[in-house]
Amino acid sequence: MDLWVIFLTGLTVGGLTCLAVQGGLLASVIAAREEDNLGKGTAKHAMYATGAFLLAKYIAYVILGFILGAFGGAINIGGSVQTIMQFLAGLYMVAVALNLLNIHPIFRYAIIQPPRFLTRMVRNQSKSKDIFAPALLGAMTIFIPCGTTIAMEALAISSANAVAGAGVMAAFILGTMPLFFGIGVVTSVMGEAFKNKFLKLAAIAMIYLGITSVNGALVALGSPVTLQSVVENFPVSISLENTDTGQNPDLSTTQSPEIEITSYGYNPSYIRVKKDEPVTLTLKARDAFSCASAFRIPALGIRKNLGANDTQTITFTPTQTGRIQFNCSMGMYRGVIEVI
């Protein structure tokens with residue numbers, strides 16, 4: 001799972017779409033405090049209000065991501081269920097981006113709106129001048145998420161891991177913070193034409209994240225049609241596989257290979273074994289807190305969920321030559337077992 005891309009999504013399209021839904025709430029809280037005749041320190045109090053709003057919002061969403069990821073794991077989301085949820089989350093992200101690009105009016109129907117009574121309740125709270133109002137309002141924004149946030153929440157559930165779910169929401173909300181913090185400046189300085197251009201660039205970034213999520217789901221499902229399979233069959237040789245074979249790949253064979261699993265993938269990610277001979281694959285997780293710890297070999301129906309620091313073995317006998325792909329549960333990290 002690429003948290004950096006998720007952060008960039010929050011920084012661009014997430015920040016703008018959430019700003020449209022929730023930005024007015026922060027502005028109204030600051031305005032309410034300015035109307036309070038405190039005599040001095042108005043600007044300072046406005047900064048405190050903004051900081052309290054953002055900090056409470058960040059904490060609330062990280063907790064929400066933790067709960068959503070834990071929920072996905074508690075109900076044993078895995079296999080087809082997890083990947084289908086990831087697939088749908090990816091499609092939703094693409095639909096949100098296409099709506100931002102005004103490709104067709106039909107994509108407006110893909111945007112999920114929160115219930116009106118929740119929106120009214122939160123907006124009423126924004127009129128309070130109490131010192132705790134900004135923080136309370138920031139936490140309550142989880143009840144009125146924008147479309148991009150909902151897509152991230154679905155991604156957190158599909159991770160089926162509390163830490164991974166918290167990571168998704170933490171990276172996303174962190175990315176939205178700069179626009180919220182500079183809400184007063186941004187709204188006055190940015191012209192409408194610049195906003196439209198920026199939205200288009202942000203939507204393209206979101207399409208990339210959506211397509212990556214969809215492709216990862218297809219990889220996890222063992223689909224014969226993925227971006228990698230398309231590239232492999234393309235006349236021009238371009239590699240999208242994370243095989244790390246380099247200029248001089250190891251062409252030796254071993255029936256007892258070891259794979260080190262970290263938060264960033266698998267090492268090695270290319271292994272050669274012999275046909276019709278038993279293979280004992282040893283998996284060693286080292287501080288693996290990403291979906292890489294959910295090891296899968298779709299073609300063989302093998303699934304192993306490792307702890308952050310864990311060692312497990314897999315035994316199988318390949319009966320055909322060719323390439324057997326292994327990957328994480330979300331299809332984000334991949335490798336290949338070459339059978340000769």
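Entry remark, segment 34-60: residues being crowded, with 20+ Cβ neighbours inside 10 Å, at pLDDT below 80 and not aliphatic (A, V, I, L, M) number 1 in total.
Report yes if Ala193 is touching a Ser or Thr at 6+ places or on another chain (Cβ under 7 Å), over 26 Å from Cys328 (Cβ atoms) and at pLDDT below 70, otherwise no. No.
Filter segment 311-340 for residues that are part of a loop (DSSP other than H, G, I, E, B) and of a type in the set (Gly, Ala, Ser) and give the result. Give the derivation first.
Going residue by residue through segment 311-340, those that are part of a loop (DSSP other than H, G, I, E, B) are 317-321, 329-333, 340.
Result: Ser329, Gly331.
In segment 306-340, what count of residues is obtained for those that are under 29 Å from Gly167 (Cβ atoms) and without any contact (Cβ under 8 Å) to a residue 40 or more places away in the chain?
If we filter segment 306-340 for residues that are under 29 Å from Gly167 (Cβ atoms), which is where we start, we get 306-314, 325-337.
Next, only the ones that are without any contact (Cβ under 8 Å) to a residue 40 or more places away in the chain stay: 307-314.
Residues that pass the stated criteria total 8.
Within segment 88-96, not a single residue is assigned to a loop (DSSP other than H, G, I, E, B), over 15 Å from the mean Cα position of the chain (by Cα) and modelled with pLDDT of 65 or more. Scanning segment 266-293 for residues that are over 16 Å from Ser256 (Cβ atoms) and aliphatic (A, V, I, L, M) yields Ala285, Ala288, Ala292. Output the residue which, of all residues in segment 294-339 that are among the polar types (S, T, N, Q) and buried (at least 23 other Cβ atoms within 10 Å of the Cβ), is nearest to Val273 (Cα to Cα). Selected residue: Asn327.
When Lys275 is tested against (1) within 26 Å of the chain's Cα centre (by Cα); (2) of a type in the set (D, E, K, R); (3) farther than 16 Å from Gly216 by Cα, exactly one condition is not met: (1). If you check Ile112, Ile63, Ile131, which single one turns out to be over 27 Å from Gly301 (Cα atoms) and modelled with pLDDT of 80 or more? Only one candidate passes the filter, namely Ile63. Scanning segment 266-283 for residues that are buried (at least 16 other Cβ atoms within 10 Å of the Cβ) and hydroxyl-bearing (Ser, Thr, Tyr), which turns out farthest from Thr317 (Cα to Cα)? Among them, the one singled out is Tyr266.
The values are calculated or read from the model by the stated rules, or taken from the named source; none is laboratory data. Remember, it's a predicted structure, so these values are computed and weren't measured experimentally. Here the Cβ is made from the backbone with ideal geometry for all residues, glycine too, and neighbour counts use every protein chain on show.
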